[in-house]
Amino acid sequence: NDPSSDLYVSFYSFDLYFRKNPFGGEYTVFAGLEECVKFLANFKLTHQEIDYVRDSLPGSEEAFCDYLRGLDCSDVEVYAIPEGTVVFPKVPLMRVEGPVGVVQLLETPFLNLVNFASLVATNAARHRFVAGKSKSLLEFGARRAQGPDGAISASKYCYLGGFDATSNVAAGKLFGIPLRGTHSHAFVSSFMSTDEIVDKVLQSADGETTCDDFISLVQTWLTKIQYSPSLSGFFSETNQSELAAFISYALAFPKAFLALVDTYDVMKSGIPNFCAVALALNDLGYKALGIRLDSGDLAYLSTEARNFFCAVERELKVPGFGKMIVTASNDLNEETIDALNKQGHEVDAFGIGTYLVTCYAQAALGCVFKLVEINNQPRIKLSEDVTKVSIPCKKRSYRLYGKEGYPLVDIMTGENEPPPKVGERLLCRHPFNESKRAYVVPQRVEELLKCYWRGSAGEAREELPPLKEIRDRCIKQLENMRPDHMRRLNPTPYKVSVSAKLYDFIHFLWLNEAPVGELQ
C-alpha cells in the first residue's frame, strides 16, 4: 500500500484484445474507443469515493488515500486501432501504458466499454451483411435491451455497425442518429369508429386547397377499391376501428403516414384500409410512406401486399403506388432474414430488436487485458490452453494488402523492428504453430495502432471523429474484406501473424518462464 514504492512508479504496458471472433464468424468490429478516451479525460476519484474505499478496506493507510486523491491519467498513454475498424483475434485493440496503480484501475472500465460495444457493432454488421446494401435496417430494441444504459449503447453501436436509424429518441438526440418508427397495435385498437375523429379537415400539401371532410374522401376511395375488378376478391368489409386509427394518424402526420397493418387481418382489412387512406392523401398532394408487418408469414404477406399495391397502381392509375415501402419486424434475426431471402419477399426495411441489442446468439465478446511489459522487460502469460498464451512486449501491428486490394494478413512486430515495406517479401508466422508460415509481398501496408491519449504530454494525438464518420469507416472496411471471410456459413479464417523475430522471442521467453519438470 506504499504509493512511493517502485510498484507504483514503474511503467507497465497492457494489451486489450480478444481471443475468438463472435457469432461463429471470422471478423469483429472494434467499437467503444471514444467512450474510453472520454473516461480517461474525466478520470478522478471524488472525496466521497475515497472515503468509501477507506471504509471498505479495513487497514487502509492515509498515505494510500492521499495517493488516490492525486490519481489521474496524466502519465497514461493509450494506443488503439481506429474505432469502426474490422479487427481479428490476438491483435491488440488498445495498448495502455502507465503507472500500474492507475492502469489497473482502467482495466475493468475499458473492458466494459469495449466488450459490449464491439459485440453489438459486430452483430449489427452481420445483420447488414445478410440483409444486403439495398435494405433499410431499423434498430427497434430499446424495450428489450438490458436496462436503459444497454438500450442507449445498443442504439449507438448498431448505427455504427451499419444500421440506418433507431426508434430510440434519446439515442437520436445524444448521437445524431436518424429516427424511424411507427404507431403501435394499442393505437389501432384504441379506436372504436370514425365518429371519434372530431377534426376532419386536412389542408393540401401545397397549402392552396382544403379538404373539409377527409373521412368521406377516404371512404370514397375504399369503395372504389372494393369494387375495382382486380381487387374485389381480396376483401369484403374492413375493420372500421382500424380505418379510424389510420385516418387519425394520417391527419396528424400526412407527410409521414406509415401504418401497422396486422392488428386484425393484413389482407382483408389492414392493406385495403391503408390504401384508402394513402389514396386520399395522394389526392391532396401527399405521398404515404408504406406499411409495417409485425406478425404472420412475412414472405407471403409482403409479396401479397406488393401485388395489391401494384394492382392499385394499374387499376386506379396512381403512378408509383406499387413502390410503397414494406417494413417487417417480429423478432427478426440473421437466420430469419436469410430464410426470407431464400424464400423470396418484398420487404424493403427490417425493424430488428431483441436478437440485435441483446446479442442473443452470444452473451459476450470476451476481451481480456493482459500485462505485456514492465519497464521495458517483456512479460508473458502461459497456459496449458495455447489460445490463452499472451504475446509479450510492446508491439506494432500492421495490415498487409494484396494485389486485389483486399487485406491479406495482420502482422505484429516488436516495437523497434523496422516496419514492413511495400513490394518487399516478408515472412509471416503463426504465433504458436511453427508449421504455419507464409511469405507475403504487400502491395499496401497500414499501421493499425495510433496514439489517442498522451496524458499531460503536449505531443500530438489522433482526434476522435464524429459517429457518422466512424460508421462510414466501418461500412467501407466491411466492403473491403474478401467475401469468403464474411460469409455466414463456414467463413475462411483471416490470418493473424507475427514477424520471424517476434516468433523467436515469444518461444524463447516461453521456455525461460515455463518450469522444468522432474521425473523420478
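The values are calculated or read from the model by the stated rules, or taken from the named source; none is laboratory data. These numbers were taken from a predicted model, which means no experiment stands behind them. Please note: Cβ atoms are built from the backbone with ideal geometry, for glycine as well, and neighbour counts cover all protein chains shown. Heavy atoms of the whole protein, side chains included, go into the accessibility calculation; ligands, DNA and RNA do not. Shrake-Rupley method; radii C 1.70, N 1.55, O 1.52, S 1.80 Å.
Some points to look at:
- Residue-level accessible surface for Asp66, protein heavy atoms, 1.4 Å, Å²: 80
- Neighbourhood charge, 14 Å Cβ-Cβ cut-off, centred on Leu57 and excluding it, Lys, Arg +1 and Asp, Glu -1: -4
- GluC sites (Glu not before Pro) within segment 192-299, DSSP loop, no more than 16 other Cβ atoms inside 10 Å: Glu208, Glu237
- The Cα-based radius of gyration of segment 303-455, divided by its Kirkwood radius, gives an Rg/Rh of 1.21.
- Taken about its Cα centre, segment 182-347 carries a charge dipole of about 460 debye when Lys and Arg each add +1 at the Cβ and Asp and Glu each add -1 at the Cβ.
- Lys476, Lys200, Lys44, Lys370, ranked by accessible area, largest first (probe 1.4 Å): Lys476, Lys44, Lys200, Lys370
- The simple Förster model, with R0 at 30 Å and r as the Cβ-Cβ distance, assigns Leu179 and Lys476 a FRET efficiency of 0.80.
- Residue (of Pro418, Leu448, Val102) at the positive-pole extreme of the chain, dipole from beta-carbon charges: Pro418
- Cα-based Rg of segment 182-347 normalised by 2.2 N^0.38 Å, two decimals: 1.01
- With distances taken between every two different alpha-carbon atoms, segment 247-305 has a Kirkwood hydrodynamic radius of 11.7 Å.
- For the chain, share of DSSP beta bridges that run antiparallel, in % to the nearest 5: 70
- Helix axis angle, 100-131 relative to the chain longest principal axis, alpha carbon, degrees: 40
- Of the peptides 459-466, 408-415, the order by per-residue mean of other Cβ atoms within 10 Å, starting with the highest, comes out as 408-415, 459-466.
- Using a Förster distance of 35 Å, the FRET efficiency for Asp195-Lys255 (Cβ separation, nearest 0.05): 0.85
- Fraction of the pair-distance distribution of segment 213-266 above 16 Å, Cα-Cα pairs, percent: 49
- Semi-axis lengths, largest first, of the ellipsoid equivalent to segment 7-106 are 32, 14, 13 Å, with √(5λ) applied to each eigenvalue of the Cα gyration tensor.
- Degrees separating the helix 334-343 axis from the principal Cα axis of the chain, which is the longest one: 50
- All Cα-Cα separations within segment 412-464 were binned at 10 Å from zero, giving a P(r) of 19, 36, 27, 17, 2, each value a whole percent of the pairs.
- In Å², nearest 10: area of Trp221 left accessible to a 1.4 Å probe: 30
- Taking all Cα-Cα distances within the chain, those exceeding 33 Å account for 53%.
- Rounded to 10°, Cα long-axis angle of helix 147-160 versus longest principal axis of the chain: 90
- Taking all protein chains together, His47, His183 sort by accessible area into His47, His183, largest first [probe 1.4 Å].
- The DSSP beta bridges internal to segment 182-347 are antiparallel in roughly 20% of cases.
- Taking other residues whose beta carbon is less than 10 angstrom from the beta carbon of Arg461, and scoring Lys, Arg as +1 and Asp, Glu as -1, yields -2.
- Applying both filters, DSSP loop and at most 12 other Cβ atoms within 10 Å, to the GluC sites (Glu not before Pro) of segment 419-456 gives Glu424, Glu434.
- Share of Cα-Cα pairs in segment 96-248 lying beyond 28 Å, as whole percent: 53
- Among the trypsin sites (Lys or Arg not before Pro) within segment 485-520, those in coil by DSSP and having at most 16 neighbouring Cβ atoms inside 10 Å are Arg487, Arg488.
- Summing charges over neighbours of Ser269, with a neighbour being any other residue whose Cβ is under 10 Å away from its Cβ, gives -3 when K and R count +1 and D and E count -1.
- For Asp331, the solvent-accessible surface with a 1.4 Å probe is about 80 Å², rounded to the nearest 10.
- Equivalent-ellipsoid semi-axes of segment 95-162, from the Cα gyration tensor, Å, largest first: 30, 15, 7
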